[in-house]
Amino acid sequence: MSAPITFSDVSTTPSSALDALLASSLSVRFPRLDTVDAIEITRRVYGIDGTATRFSTEKDDTFRIDAGDGSRYVLKISNPGETAEELDLQVAAMRHVAVVAPGLPVPRVLRGIDGQFVLPLGSSTHPHRTARLYSYLEGVPLDALHPSARNRYEIGEVLAQLRLAMAGFRHPHEHRVLAWDVKHLLSLTGLQAHIADPLHRSLIEQAFARFAAIEPALRCCPTQVVHNDFNRSNIVANPGGANFVSGIIDFGDTVHTAVAIDVATALMNQFPLDFDADGPHDLFVEARDLLRGYLAHAQLSDDELLLIPHLAMARVAARALLTSWRAKLFPENEAYILRFTRPGWEHLRWFMQRDHDTVSNALLEFVRRPTHPASRDPSMNAAPTSQPPVLNEAVDISKPDDSLRGDMPNGFNPSAISHLDAATQQHVARRVRLLSPSYRLFYAEPVKIVRGEKVYLYDDKGNDYLDAYNNVVCVGHANPRIVDAVTRQLSTLCTHTRYMQEPILDYAEDLLSTFSTSIREGQMMFTCTGSEANDLAMRIAMHYTGNTGVIVTSEAYHGNSHLTSSFSPSLGRRALLGPYVRTVPAPDSYRMTPSEIGQRMAEQVALQIEDIRRHGGGLAAFIADSFFSSDGVFAHPTDVLAPVAEVVRRAGGLFIADEVQSGFGRSGTHMWGHERHGVVPDIVTLGKPMGNGYPVAGLVVRPDVVASFGQDMRYFNTFGGNSVAVAAAQATLDVLRDEHVLDNAQRVGSIMLEGLNGLAKKYECIGDVRGTGLYFGVEMVHDRAKKDTDIATALKVVNGLRQRRVLISATGPDASVLKIRPPLVFAAKDADRLLTELDTVLAAL
Ligand SMILES: Cc1ncc(COP(=O)(O)O)c(C=O)c1O
């Protein structure tokens, strides 16, 4: 075997930066292992007998191992230039993805006999080399296929999911300096000497100049650890399978860098290989399919989208430089090393034939949707006589309904502010600068409020707004009894649950006594938010059952934590559901025969339990909000949950009643929403109205369900159930009871229901009115016969009411359902005001 050749053997004198970049596994020459070695290593290190087949690879020796029992593996023997830290980074990244996104097709890293993931061969012939064994993913490399547009879309989806999965990954070596990280392109200038053709050299020089111009902007882009090499050889596909992408392999270039670089790398790998820069073909046509799939799951800012075409160009240039240099180092492997380099010259020519701005816009213009004709129609924006406009540019109805699913219904668009007054514009701009883009404001013209009292909110000019939206302040804004209880407690004592305090026990006793079934024998746990309550409930359910399967309705929302968001499909298609999460249709009483809904839902749940089992899992819990609020408010029929609970229990799962919306008397008839369905839950979760605005939430659980969880692990929540939280909760419960608030909800609720039904008779656009107590859904439709959702009208009504100082919002899968849920102390006169204003807005449509 010849001696290792290092970079400096063949290059012109490199700069020290270049030296550092290239003196690595890219330049080390080493003796190759053969299949006999691979068989021997697999047996010795992993205890597996099998045959070995070599894969074509550049940097290391890789083999498929077919074991005697039919199982298959991939054995990777590292390049001697790869450091222990680099290998650990790769393994740790793959293991991280396997844990946080087990549904992604990333090979599992297997331990050797001695329990290690990376095993030094300890051989004198192959010093500094290590073995790794991965699970084998069936399929063929993408280079062997002609993917369709749909296939490319799916590749984009997988890349986005991988990015999201890696977002939380950290590693001491993630900031390593890697030649294949395009941000270092300008350090590769010394490699131009390896490019013989003067035309090609000139293209590279132009590429350097273009990259230098965008490099400062690149430094401002979001970064994280990314795969950084989504190329055709690293994607394994299974064209006949349920998912086109069956494997993402080779994390060898994983690094912390700009997310835009990762996307640009994936896009340039979709550039056609038989490309003629002088022909009519647009270089990005295929790449855009991938981008569409990506954007269905993860976001890119406009700034990133403007940079990505340039970064794709830079990646083509980097590949040309590195492969031309490496082809000289390893002439025996030249054909493989240069397999993508030759078409790359045509790609570079395409870029250089276009000016900077044209290249910048190769993607952004495509991503921006054309304006919906309706929003150009002046009548859409026309103000009803003597009224401010009800809908304007800030409500983007140009998006097809499906694309709105990840957005918040009734969300304000902060980039469309020209119609707002100067003070509002300033506030919005400040907010955009200071708060993360995850935050949304309500309404086309956001409301600035400074004070609340009873069912009214007040702006800084003293105008009152009728609050028909905020269910948290169930006994009214700034209720004096709650304010008094909280301030007295805060000036006496505020500490956590690890000291003996009588009030927490008094409250637990009091609250438990409000349940009418055996769950009143349960035990309480305190949290600060509904999300935490559901998170904890699900952990308990998983611990108790030993399973991870979760079933929810198709637009359910149960929280914002990692676990709860994994079973909150209403967060949109970009939010990933957990691998054992299944959805069932909501009990849509508007479109289904009410008497059949319970049975149908039980059947659907049974089917999903079966599906979880087929995938090797088991059911931990079914969780539902008995109003199905985010599904579109389906408070009736009330015989739905009992048959479902029966199916769930038969499968060994638990029934969790999420009472965050439906609890504390919202229905008017019952303190707890699940009681309307005649079902006894195993866990009940509480939140929102529990402290009338003071953060307190929690759960009630059957003692036998929580017993082993409590023994196996302690639970502490610094603020959950603190002295002030308990005082707020106790005062809220007292007011609810002392002031007969449920009766009020029932009485005023009937006035509201009657009034809304009256409006439905008058206005064709109202397809359905539903609700109970003081929680209503009013569904807007284009056509009553077709029952097709009308999101634009719903948003016009919501914004029209806002202009008339009545606050409601929208909900449901298409945000076409008016959501009305005022504080429970809403009076008859408040109902009259709401109904009158709603009538006016509907008349002006
Ligand atoms: C049904 C339901 N469960 C849980 C939650 C989460 O509660 P929180 O926002 O307090 O975390 C919500 C919040 O809207 C909810 O509507």
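Here are some notes:
- Qualifying positions in the stretch 601-631 - within 13 Å of the ligand (Cβ to nearest atom) and under 23 Å from the mean Cα position of the chain (by Cα): Ile623, Ala624, Asp625, Phe628, Ser629, Ser630, Asp631
- Checking each residue in the stretch 641-672 for being more than 29 Å from the chain's Cα centre (by Cα) and under 17 Å from Lys688 (Cβ atoms) picks out Phe664, Gly665, Arg666, Ser667, Gly668, His670, Met671, Trp672.
- Restricting the stretch 587-628 to residues that are of a type in the set (S, T, N, Q) and out of contact with any strand residue (DSSP E or B) (no Cβ under 9 Å at 6 or more places or on another chain) leaves a set whose member that is nearest to Val680 (Cα to Cα) is Gln599.
- Test: residue in the stretch 179-198 that is within 31 Å of the chain's Cα centre (by Cα) and hydrophobic (A, V, I, L, M, F, W, C): yes
- Tally, over the stretch 660-713, of residues that are in contact with a Lys or Arg (Cβ under 9 Å, 6 or more places away or on another chain) and charged (D, E, K, R): 2
- When Ala38, Ala52 are checked against the criterion of being part of a strand (DSSP E or B), at negative phi, modelled with pLDDT of 85 or more and among the small types (Gly, Ala, Ser), Ala52 stands alone in meeting it.
- If you filter the stretch 678-700 down to residues that are of a type in the set (Val, Ile, Thr) and within 16 Å of the ligand (Cβ to nearest atom), you find that the one that is surrounded by the most Cβ atoms within 10 Å (Cβ to Cβ) is Thr685.
- Among the residues of the stretch 545-577, the one identified as within 10 Å of the ligand (Cβ to nearest atom), over 18 Å from Thr811 (Cα atoms) and among the small types (Gly, Ala, Ser) is Ser561.
- Contacts under 6 angstrom Cβ, first residue in the stretch 276-301 being charged (D, E, K, R), partner not in a helix (DSSP H, G or I), 6 or more apart: Glu286/Gln270
- Residue in the stretch 613-623 that is among the aliphatic types (A, V, I, L, M), assigned to a helix (DSSP H, G or I) and crowded, with 23+ Cβ neighbours inside 10 Å present: no
- Qualifying residue in the stretch 486-502 (condition: closer than 28 Å to Asp712 by Cα, part of a helix (DSSP H, G or I), free of Cβ contacts under 8 Å to residues at least 40 places away in the same chain and within 15 Å of the ligand (Cβ to nearest atom)): no
- Out of Ala335, Ala320, one residue alone is crowded, with 24+ Cβ neighbours inside 10 Å and not basic (Lys, Arg). It is Ala320.
- The stretch 685-704 - residue that is of a type in the set (A, V, I, L, M, F, W, C) and either assigned to a loop (DSSP other than H, G, I, E, B) or within 26 Å of the chain's Cα centre (by Cα) (or both) and, of those, farthest from Asp658 (Cα to Cα): Val696
- Count of residues meeting criterion [within 16 Å of the ligand (Cβ to nearest atom) and touching a Ser or Thr at 6+ places or on another chain (Cβ under 8 Å)] in the stretch 701-721: 3
- Ala213 part of a helix (DSSP H, G or I), of a type in the set (A, V, I, L, M) and surrounded by fewer than 20 Cβ atoms within 10 Å (Cβ to Cβ): yes
- Residue in the stretch 520-535 that is outside any helix (DSSP H, G or I), at pLDDT below 95 and within 16 Å of the ligand (Cβ to nearest atom) present: no
- Residue ID - farthest from Ala745 (Cα to Cα), chosen from residues in the stretch 632-665 that are within 11 Å of the ligand (Cβ to nearest atom) and of a type in the set (D, E, K, R): Asp658
- Complete set of residues in the stretch 705-720 that are in contact with a helix residue (DSSP H, G or I) (Cβ under 6 Å, 6 or more places away or on another chain) and within 21 Å of Glu659 (Cα to Cα): Val705, Val706
- Residues (over 21 Å from Arg770 (Cβ atoms) and outside any loop (DSSP other than H, G, I, E, B)) located in the stretch 570-580: Leu571
- Tabulated pairs, the stretch 134-150, first outside the structural domain of Ile235 (by TED's automatic domain parsing), second at pLDDT 90 or above and aromatic (Phe, Trp, Tyr), C-beta under 6 angstrom, 6+ apart or interchain: Tyr136/Tyr73
- Which listed residue, of Ala193, Ala209, is more than 24 Å from Val109 (Cβ to Cβ), of a type outside the set (Phe, Trp, Tyr) and free of Cβ contacts under 8 Å to residues at least 12 places away in the same chain: Ala209
- Only one of the numbered conditions (1) assigned to a strand (DSSP E or B); (2) within 25 Å of Ala707 (Cα to Cα) is not met by Thr583, and that is (2).
- Boolean, Thr836 is modelled with pLDDT of 95 or more, surrounded by fewer than 23 Cβ atoms within 10 Å (Cβ to Cβ) and more than 22 Å from Gln746 (Cα to Cα): no
- For Glu215, the conditions (1) within 36 Å of the chain's Cα centre (by Cα); (2) at pLDDT 95 or above; (3) charged (D, E, K, R) all hold with the exception of (2).
- Taking the criterion of being of a type in the set (S, T, N, Q) and not in a helix (DSSP H, G or I), the only residue of the stretch 310-366 that qualifies is Gln353.
- Number of positions in the stretch 633-652 that are of a type in the set (A, V, I, L, M, F, W, C), part of a loop (DSSP other than H, G, I, E, B) and farther than 28 Å from Thr811 by Cα: 1
- Hey, Asp814 among the acidic types (Asp, Glu) and without any contact (Cβ under 8 Å) to a residue 40 or more places away in the chain or not: no
- Val825 being crowded, with 23+ Cβ neighbours inside 10 Å and over 16 Å from Glu754 (Cα atoms): no
The values are calculated or read from the model by the stated rules, or taken from the named source; none is laboratory data. Here the structure is a predicted model, which means the values were calculated and not measured. Virtual Cβ from ideal backbone geometry, glycine too; neighbours counted across all protein chains shown.
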